[in-house]
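Student: Pasting in a structure now, in structure tokens, and then I'll have a few things to ask.
The values are calculated or read from the model by the stated rules, or taken from the named source; none is laboratory data. Note that the coordinates shown come from a computational prediction; the quantities given were computed from them, not determined experimentally. Neighbour counts run over all protein chains shown; Cβ positions are idealised from the backbone, glycine included.
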RNA sequence: GGAUGGAUUCCCGAGUGGCCAAAGGGGGCAGACUGUAAAUCUGUUAGCAGCGCUUUCGAAGGUUCGAAUCCUUCUCCAUCCA
């Protein structure tokens, strides 16, 4: 159940009820593809840095350790000791990112495992079965994510196929949720809108999938090479045609700026590898802009990443120390920036929620963006 | 005291007459990354702002149109024999 608590322009402050607790939106889901936040971050750490939702991946967990293994162990929540909501991505993005290792047909996609080269078939039904075994809170529909530069005729065919896949996902998920063996019989399912950078295709697709019964609606296939302006205008072309009583999830986005712009345009859910990947690479977010802790200027910088930050890294360690750890390739050198970045994102979402409630979202956004431009 | 093998750009190390400011690796410096095949990838690393020019391959001389590469002497290092 999605409830809109407050609105500030198109920006929404909402709550989304799930069997694993209520999600306060807008929310940033912390990405842990293989049932782990990369950078040696545990689910115990996630509680400390304010993570509300964890995100894992269907394809990756199917390949290793295998969804049947996780099913036997009682589902993903028990497996990784996390009691808050988990969203599983369907493997649709891997159709895109593992290009070269796959073949797309009407029934589904044949992948070649990146782990051992084994051929794997995944279609809408398989993706739902795997996600049902994983027993995540929210499952994502199985889609194709065409590149933003794809030709119109290809995108039209691809989107039409994604629509057919969506309805097969819906049917299969309904069936699975009624099965006795199913761990989470209330598993929710989000649809995915596609259409590359063609606003009319996006709009038509949004209308069609709105009539199908889904618990939430995602905008996929963005932030894959197109400009920010194009991305924002695709959001604008899509959101108005999605159901008002369902949350909107912008997949894979993005930078703090992207998120602020998207919240303003009515998006509720986000996820992105940036805070984790950038963290591992020594890039950290602050209200004064991004820092690359590898840079020589931090060699003797005794300050925390950000003055006053309450994250585990800033409360205890200096930039100079973290730089040393990074240069020495110590695991802690990746862990501390990741903790900081996720804390930064989670905290920003908290501030966004508060700002919408207080109808000060625009001021908040403006101030945040100006601050971050300093560097 | 004698014999042999070495000394290369920040480090290791290739190069045995011109295509060499010199391979490759490391280190350094910087950049990229948006539903994670990412602890990954890219650029750069003698000087000058440049076609280019100037200084570099232990040191000093020499041979040659041309030398990191050949010759002479010296210095230092390693191993072996006394």
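Student: Mind checking whether some residue in region A:172-181 is in contact with a strand residue (DSSP E or B) (Cβ under 6 Å, 6 or more places away or on another chain) and over 23 Å from residue A:25 (Cα atoms)?
Tutor: yes
Student: Still on this structure, I have one more. Output the residue which, of all residues in region A:262-280 that are in contact (Cβ under 8 Å) with a residue 40 or more places away in the chain and farther than 15 Å from residue A:31 by Cβ, is farthest from RNA strand B (Cβ to nearest atom).
Tutor: Only one residue tops the list, namely A:266.
Student: Only one of these conditions is not met by residue A:372: (1) surrounded by 14 or more Cβ atoms within 10 Å (Cβ to Cβ); (2) modelled with pLDDT of 95 or more. Which number is it?
Tutor: If we test residue A:372 against (1) surrounded by 14 or more Cβ atoms within 10 Å (Cβ to Cβ); (2) modelled with pLDDT of 95 or more, just (2) comes out false.
Student: Right, residue A:156: without any contact (Cβ under 8 Å) to a residue 60 or more places away in the chain, closer than 20 Å to residue A:170 by Cα and not in a strand (DSSP E or B) or not?
Tutor: So residue A:156 does not fit the description; no.
Student: Can you name the condition, by its number, that residue A:168 falls short on among (1) without any contact (Cβ under 8 Å) to a residue 60 or more places away in the chain; (2) in contact with a strand residue (DSSP E or B) (Cβ under 8 Å, 6 or more places away or on another chain); (3) assigned to a helix (DSSP H, G or I)?
Tutor: For residue A:168, the exception is condition (2).
Student: In addition: Give region A:126-143 a look and list any residue that's more than 10 Å from RNA strand B (Cβ to nearest atom) and under 19 Å from residue A:154 (Cα atoms), or say none.
Tutor: Residues satisfying the conditions do not exist here.
Student: Could you list, in sequence order, the residues of region A:144-153 that are away from RNA strand B (no atom under 13 Å from the Cβ) and either in contact (Cβ under 8 Å) with a residue 24 or more places away in the chain or in contact with a helix residue (DSSP H, G or I) (Cβ under 9 Å, 6 or more places away or on another chain) (or both)?
Tutor: A:149, A:152
Student: Would a scan of region A:328-339 turn up a residue that is touching a residue at least 40 places away in the same chain (Cβ under 8 Å), touching a strand residue (DSSP E or B) at 6+ places or on another chain (Cβ under 6 Å) and either surrounded by 17 or more Cβ atoms within 10 Å (Cβ to Cβ) or part of a helix (DSSP H, G or I) (or both)?
Tutor: Yes, the conditions are met somewhere in region A:328-339.
Student: So which helices (runs of 4 or more DSSP H) are wholly in region A:1-104 and hold at least 1 residues that are away from RNA strand B (no atom under 16 Å from the Cβ)?
Tutor: Per the criteria, A:43-48, A:67-72, A:76-80.
Student: Still on this structure: Any idea which of (1) assigned to a helix (DSSP H, G or I); (2) crowded, with 17+ Cβ neighbours inside 10 Å is the one residue A:285 doesn't satisfy?
Tutor: Checking residue A:285 against (1) assigned to a helix (DSSP H, G or I); (2) crowded, with 17+ Cβ neighbours inside 10 Å, the one that fails is (1).
Student: Considering A:108, A:195, A:123, which residue is within 12 Å of RNA strand B (Cβ to nearest atom) and without any contact (Cβ under 8 Å) to a residue 60 or more places away in the chain?
Tutor: A:195
Student: Same structure, new question: Consider residue A:300 carefully, then state whether it is over 22 Å from residue A:17 (Cα atoms) and near RNA strand B (Cβ under 10 Å from one of its atoms).
Tutor: In short, no.
Student: Report the residue count in region A:288-297 for those that are more than 7 Å from RNA strand B (Cβ to nearest atom) and either part of a loop (DSSP other than H, G, I, E, B) or at positive phi (or both).
Tutor: 3
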